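As structure tokens, the structure follows; a few thoughts come after it.
The values are calculated or read from the model by the stated rules, or taken from the named source; none is laboratory data. Because the structure is predicted, anything quoted here is derived from the model rather than measured. As a convention, Cβ positions derive from the backbone with ideal geometry for all residues, glycine included, and neighbour counts pool all protein chains shown.
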Amino acid sequence: MSRIPLIAGNWKMHKTLSATRTLLAELNQAVSDVEGVEVAVAPPFTALAVAAEALRGSAIRVGAQNMHESEEGAFTGEISPVMLTDIGTNFVILGHSERRALFGEDDELVGRKVNTALAHDLVPYLCCGETQQEREANETMSVVSRQLRAGLAGVPADQAAGMVLAYEPVWAIGTGLTATPAQAQEVHASIRALLADRFDDATAQAIRIQYGGSVKPGNAAELMAQPDIDGALVGGASLDAASFAGIVRASGAAR
Ligand code: PEP
């Protein structure tokens, strides 16, 4: 099955409103002629409404970097799925390694958020990945499998098919270290086998699995050429229109 590559930018805690408008205007122009690749951006909460407005009529999708598992309530400082859909958000990144490591999100919480997102027609981009220590201890697949089984708990196959997964080895995020295409492909293929076991073959083939971890214009093509790598979740390089567009172009050319 051919899956359209999806290149998504996770802006993390970067960009004011004016910087958001500037970056999106540049990006819209830079990728307007690229075909066969889906493009998405996840600005900070404060810039989401402005981003959705700036991208009205554009094919670029807008998503959030996190959300609360409930629709509303006394949760100071949190953002609900209802608020996200209200301003035109299409997707939400869940279980990013920074949320897990810095904000104490565990596998079960991430699973509840995935179910809430699906119930509100937000596409979950479910992240997983091992630390350097876990890789060295040969625990990569046991960690990834634990994160995904909990993250997908209760999700029916027809809803899972529309989801996006992101394999992001923690040691490659923001470090300049990238998994080799062979290392990434090996994990992606194992994830696809896990999905076939958890759901069925057709569902496993439909789910897009992004790679994330220091993806740049110079290494995107060789990663995207791997059969089970269906796009990229991009941090640092998504903050600059030229570098993000370079990744989008390289990915389109590689498939
Ligand atoms: C990320 O945080 O999802 C990420 C992949 O970051 P970077 O591209 O900067 O490694």
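Considering only residues in the range 178-187 that are of a type outside the set (Asp, Glu) and out of contact with any Phe, Trp or Tyr (no Cβ under 6 Å at 6 or more places or on another chain), the one that is farthest from the ligand (Cβ to nearest atom) turns out to be ALA182. Applying the criterion of being crowded, with 17+ Cβ neighbours inside 10 Å and more than 15 Å from LEU6 (Cα to Cα) to the residues of the range 195-211, the residue that is nearest to the ligand (Cβ to nearest atom) is LEU195.
Counted as qualifying within the range 1-105 are no strands (runs of 3 or more DSSP E), as none has 3 or more residues that are of a type in the set (Ser, Thr, Tyr), within 15 Å of the ligand (Cβ to nearest atom) and out of contact with any helix residue (DSSP H, G or I) (no Cβ under 9 Å at 6 or more places or on another chain). Just so you know, in the range 1-37 the residues that are among the polar types (S, T, N, Q), closer than 27 Å to MET163 by Cβ and out of contact with any Gly (no Cβ under 9 Å at 6 or more places or on another chain) include one that is surrounded by the most Cβ atoms within 10 Å (Cβ to Cβ), and it is THR20. Across the range 5-33, the qualifying residues are those that are without any contact (Cβ under 8 Å) to a residue 40 or more places away in the chain and closer than 15 Å to SER251 by Cα, and the one among them that is farthest from the chain's Cα centre (by Cα) is ASP33.
Per the listing LEU148, LEU233, LEU177, the residue uniquely modelled with pLDDT of 95 or more, of a type in the set (A, V, I, L, M) and in contact with a helix residue (DSSP H, G or I) (Cβ under 8 Å, 6 or more places away or on another chain) is LEU148. Considering PRO181, PRO124, PRO156, the condition of being in contact with a Leu (Cβ under 6 Å, 6 or more places away or on another chain) and surrounded by fewer than 19 Cβ atoms within 10 Å (Cβ to Cβ) is satisfied by PRO181 alone. For the list (1) more than 17 Å from the chain's Cα centre (by Cα); (2) at pLDDT 95 or above, I need the number of the one condition that LEU84 fails. Of the numbered conditions (1) more than 17 Å from the chain's Cα centre (by Cα); (2) at pLDDT 95 or above, the odd one out for LEU84 is (1). Identify the residue in the range 212-255 that is within 12 Å of the ligand (Cβ to nearest atom) and either touching a His at 6+ places or on another chain (Cβ under 7 Å) or of a type in the set (Val, Ile, Thr) (or both) and, among all such residues, is nearest to GLY63 (Cα to Cα). Of everything passing the filter in the range 212-255, VAL234 is nearest to GLY63 (Cα to Cα). State yes or no: is ALA189 in a helix (DSSP H, G or I) and more than 15 Å from the chain's Cα centre (by Cα)? When the stated conditions are applied, ALA189 passes them.
Taken together, the criteria place GLY252 among residues that are outside any loop (DSSP other than H, G, I, E, B), more than 23 Å from LYS15 (Cα to Cα) and modelled with pLDDT under 95.
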